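In what follows, a single structure is set out as C-alpha cells and then discussed.
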Amino acid sequence: MNWSNIFESMYFWYNEFVGWYLVQPIYIQILSIIGIITLLSLVIILVFYLIKGIAYLIYYILKGIYYILKGIGYGFFKLCKGFYNLVSGKSNSKTQPENKNIQVEDSDRRAILYCTECGKAFSEKMILKLYNEGTVFCVNCGENFKLIETFRAPMIAK
C-alpha cells in the first residue's frame, strides 16, 4: 500500500470538490453545507448505535454464559452435597412442615366471608391470615379488611 498515492488521490478529489463548490450560487453552497452536516450527524448516530448494540450483545452473551455456568456449578454443588449426605448418613438439616393444610380450630371462626367490594368469597388462606394477623387484603379487588373481635359471653348450660 503506497500512502503517497492515497494522499495524492484525496488531495485531487478535495480540489475537485472545492472547484465545484466555488462555482455554485450561494444558496447551493449553503444547502450543500447543511447536507454535509446532516450526513455527518447521521453517520455519527449510526456508529454510536452500532457500537451500543454490539456492546449490549456482548454483555448479554457474557451474562447468559455466567448464568449457565452458575447453574451448572449449583447443580454440581447439590449433587456433591447429596452424595456426601448419602455416604455420611446425615439427613438434610431443613425441617419440613408437618401439615400444610392448617385448619382453624375454633368453630366460631369457621365462617364463609365475602368481600364487600367485589362479592367474592374469601379463600381459606385469607381467612387464616385475617384471624392470625388481624388484617387482610382481598386478592381480587385489593380492599383492606380488619378483624374486629367481639367477645361473647359463654353460654351457661342449664
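Every number here is computed from the coordinates shown, using simple stated rules; none is lab data. What you see is a predicted model, and the numbers here were worked out from it, not measured in a lab. Note: ideal-geometry Cβ built from the backbone for every residue, glycine included; neighbour counts use all protein chains shown.
With R₀ fixed at 30 Å, the C-beta to C-beta distance from ILE65 to SER88 puts the FRET efficiency at about 0.30. By the count of neighbouring beta-carbon atoms within 10 Å, fewest first, MET10, MET1 end up ordered MET1, MET10.
Rg to Rh ratio, region 107-146, alpha-carbon atoms and Kirkwood radius? If you can, show how the numbers build up before the last one.
Working: Rg = 9.4 Å, Rh = 10.2 Å.
Radius of gyration over Kirkwood radius for region 107-146 works out to 0.93.
Here's the list of lysines a cross-link from LYS90 could span, going by alpha-carbon distance under 20 Å and ignoring same-chain residues fewer than 8 apart: LYS78, LYS81.
Projecting label points 7 angstrom from Cα along Cα→Cβ for ASN5 and ALA55 puts them 3.9 nm apart.
Using mean Cβ contacts within 10 Å as the protection proxy, how do 129-138, 57-66 order, highest first? Provide the component values of the computation, followed by the final result.
Working: 129-138: 14.8, 57-66: 10.0.
Per-residue mean Cβ counts within 10 Å order the peptides as 129-138, 57-66.
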